[in-house]
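First comes the structure, then the notes that go with it.
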Amino acid sequence: MAQGVLDVLGETVQAGLIVSHHFPSSLPKKIRTLRGSHPIPDEKSLEAGKALYSFLSNLNKDDLVIFITTGGGSAIAIYPPEEISLQDKALTFQALISAPLTIREINSVRRKLSRIKGGGLARVSFPARVINLIISDVVGDDLPTIASGPFVSDPDPFPKALEIIASYNLEEKIPTRVMEYLRQLENSEQGEARSEIFQDRIKNLIVASNLHFLKKCQEILSERGIEAHVLSSRLEGEVEPLARFHAQIAQEVISSGNPFSPPCALLSGGESTVNLKGKGVGGRNQEFALYFLLAMEGFRGRFHILSCGTDGKDGNSEAAGAYAGFEDYLKIKALSLDPRDFLSHNDSYHFFEKTGGLIITGPTGTNLADVRIIFLEGESNAK
């Protein structure tokens, strides 16, 4: 994205700062690069957050900032209030992402613990004009949630963070200083957003989203003669029932031709959550493919499913996701594999390693949440 901005604007760019994991091979000297950490922030993340804050300070009304926001920004650059240490922040992040919170709930808490999120960068860059180009990895493209909304006013009142922490019984897992800080804020009044900052000087633009990605997949499949249908880009929830829901639709299509006639492809996106029960290797996309395979067990249907993270990384594994198909039942039998045993340990990676179903792409350079592509051909005699 940074390279794209430079390609368009060229010499008119006076200075720049990129915080990321990867950078273009050749950048002008006026563009500074800093490497942050994700999903748990570290010293480099703190350095990056402070650098962003400083970079956007002392601007005037004639300055124009082209800001680029992608998923992962909540961790890759942080700048907590003075009362909260880096260790406090990291432990809080760990507690939040280890519990079954939605990304909206996680980032609602994160915004309260940052000088640069929840509109923090909008305030420090005022009165400059800001065009914020956003790649969304959040279901529904909720602006305050994407990277915790550096240029968007926080919509949640201060007590919301404590309510979320209490609802998941996380009080004992959140550092004491963080809890004390949030309790001090609890009775503070939420200041209204200054219109001249958030309405007059900031323009937030979604330039790519999960729905964009799904429609592009649909276009490519159609060009290859495959009828493709986008179910939704907003599917969330625990991975097991979500996979079972997709399997039920697939079975209906294969058995009755309703609502689409096979052969066809079903596309869906969004982001599921995983119930961590073991210490295996895998991620939500690999688990989705394996749960889908289980849900289709015994059904005489020819199907193939791909479930991947568009950023090229799924959970704690090197894989982007996994592929599975009706022919895998023969592999399961020949290799004496028990999918339920792998799932009980959250070890879907090693299941697909044995079946040859891992999809390993490496970092893709983008992050548009997850994509699932299900090919349905018709009935089969395979068991």
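What value does the stretch 1-50 have for Rg/Rh, both radii from Cα atoms and Rh as Kirkwood defines it?
With Rg and the Kirkwood Rh in hand, the quotient comes to 1.02.
Would you list the P(r) distribution for the chain, with all Cα-Cα distances sorted into 10 Å bins from 0 and each bin expressed as a whole %?
5, 21, 29, 23, 15, 6, 1, 0
Could you pull the Rg and Dmax for the stretch 210-378, using just the Cα atoms, both in Å?
Just the Cα atoms of the stretch 210-378 yield Rg and Dmax of 14.9, 42 Å.
Roughly how many whole Å is it from the C-alpha centroid of the stretch 1-68 to that of the stretch 132-172?
23 Å
Sort 317-327, 107-117, 16-26 by packing, meaning the average of other beta carbons within 10 Å per residue, with the highest value first.
For the peptides 317-327, 107-117, 16-26, the packing ranking is 107-117, 317-327, 16-26.
Tell me which lysines have Cα within less than 26 Å of LYS331's Cα, excluding those fewer than 8 residues away on the same chain?
LYS277, LYS279, LYS313, LYS354, LYS383
Viscosity 1.567 mPa s, temperature 4 °C: what is the translational diffusion coefficient of the stretch 169-274 from Stokes-Einstein with a Kirkwood Rh over Cα pairs, rounded to a whole number of µm²/s?
Rounded, D is 70 µm²/s.
With contacts defined as alpha carbon pairs under 8 Å and 6 or more residues apart, what's the relative contact order of the chain in percent?
14 percent
What are the ³J(HN,Hα) couplings of the stretch 86-91, residue after residue, when phi is run through the Karplus curve with 6.51, -1.76, 1.60 and θ = phi - 60°? Round to Hz, x for glycine and proline.
So the J values, rounded to whole Hz, are 4, 5, 4, 5, 4, 5.
Over the chain, what is the percentage of antiparallel beta bridges among all DSSP beta bridges, to the nearest 5? The partial results should precede the final answer.
Working: 22 of 47 bridges.
Roughly 45 percent of the beta bridges in the chain run antiparallel, per DSSP.
Mind listing the phi-derived Karplus ³J(HN,Hα) values for the stretch 105-122, rounded to whole Hz, using 6.51, -1.76 and 1.60 with θ = phi - 60°, and x for any glycine or proline?
Each residue's phi maps through the Karplus curve to give 5, 4, 6, 5, 6, 4, 4, 6, 10, 9, 8, 10, 9, x, x, x, 6, 5 Hz.
Per DSSP H run of at least 4 residues, take -39500 (n - 2.57); add these up for the chain, divide by its residues and hand me the 222 nm value, nearest 500 deg cm²/dmol.
It comes out at -11000 deg cm²/dmol, rounded to the nearest 500.
Working from the alpha-carbon coordinates of the stretch 58-104, get Rg over Rh, Rh being the Kirkwood radius.
1.12
Looking at the P(r) of the stretch 2-208, how many percent of alpha-carbon pairs lie beyond 31 Å? Walk me through the intermediate numbers first.
Numbers: 3601 of 21321 pairs.
It works out to 17 percent of all Cα pairs.
Which GluC sites (Glu not before Pro) from the stretch 1-106 combine a DSSP loop assignment with at most 12 other Cβ atoms within 10 Å?
GLU82, GLU83
Output the antiparallel fraction of DSSP beta bridges having both residues in the stretch 210-378, as a percent to the nearest 5.
The answer is about 75 percent antiparallel.
What list of ³J(HN,Hα) values in whole Hz, one per residue of the stretch 52-61 in order, does the Karplus curve 6.51 cos²θ - 1.76 cosθ + 1.60 (θ = phi - 60°) give from phi, with Gly and Pro shown as x?
4, 4, 5, 4, 9, 7, 6, 8, 10, 5
Here, each number is a calculation from the coordinates, and none is a lab measurement. Small disclaimer: the values here were computed from a predicted structure and weren't measured. Every residue, glycine as well, gets a Cβ built from its backbone with ideal geometry; the counts of neighbours run over all protein chains shown.
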